[in-house]
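Heads up: the structure comes next, in structure tokens.
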């Protein structure tokens, strides 16, 4: 049953190094077409070579020594941004069986596995699906893996909190009746690696323990580190010391998935999507440029837990820099106080919500991370 249209894409080099999602969870796993790579400055180099798949151990191996970090992370959206297509794995996030609006297909379940069926044609059976991208905070995109390098992405994504289906970003204009698009080459592997720790060389389906963004997505493969700890080799812990990392390094790590300026240009992404691509927006901000490299994603966000929605928490960090106290949150040079309001409304005025997927029906908004004066928000 061929229900996905092949969508040929340029094959980009597989990203190397660690992949991280530190700021906010990717809302919908829809991928958009990349443009040919353009000449650009070399990326920040990792202190480590790309590890082999069997060098990874899974986050469960870290909890013995790091329970305060692992336990909240395990319950976070980062850790649940990729799951298998089963009702047990998706739980309350799973779509109901039945017709998918405005298509000729239905969701069908067999032995706990969720797949696709053609309405009115039971003889064709159920088309298997393997992966569910997204935590469910907003949308989840379902996909089927074909062979070792092909990924079939469903045309519509499910929004569990709304109990509604919306077009997957990039597939709004499809005029045929295909249920989605088939991507091939290295691009699908890169998509998966923004939702998983590692994948084997012979497939793009991760082992269960590597699904979701895990400890090793940020800190690197853990087997050598664990061996160093167990053998008492304190002189070489075989792990990048991220506490000593520069702001450039931290933001580059986040930007592997959340997009740096270089990545936005390479993939021909919308240049005004500074809410969707947070490291890109932050790098354009005077707050970042004048921080001497001290302002990073983790100045405001705890990488081991869900992003806080407490606006006052973020405003307190703003005021630490933009006040007479001269005790900046990021150890950056002190900045001048806001002439309009020195105590509150920093986020409302300088990081207002931005529609994440402009020109679509998707009801998703994120704070604009290009921190600046929005004249329309300034009190007169």
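FYI, it's all coordinate maths here, none of it is from the lab. What you are looking at is a predicted structure, and each value in this text was computed from that prediction instead of being measured. Using ideal geometry, Cβ is built from the backbone for each residue, glycine included, and neighbour counts are taken over all protein chains shown.
Quick rundown of the values:
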item: Extent along principal axes [Cα atoms of segment 183-251; Å; largest to smallest]; result: 45, 30, 17
item: Förster-model FRET efficiency, 30 Å R0, residue 102 and residue 271, C-beta, rounded to 0.05; result: 0.45
item: Burial ranking of peptide ranges 57-64, 130-137, 275-282 (average Cβ count within 10 Å, highest at the top); result: 275-282, 130-137, 57-64
item: Per-residue Cβ neighbour rank within 10 angstrom, fewest leading, 292, 217; result: 292, 217
item: Linear extension gain, residue 172 paired with residue 150, 0.36 nm per residue minus alpha-carbon span; result: 5.8 nm
item: Efficiency of FRET between residue 244 and residue 372 - r from beta-carbon atoms, R0 25 angstrom, step 0.05; result: 0.25
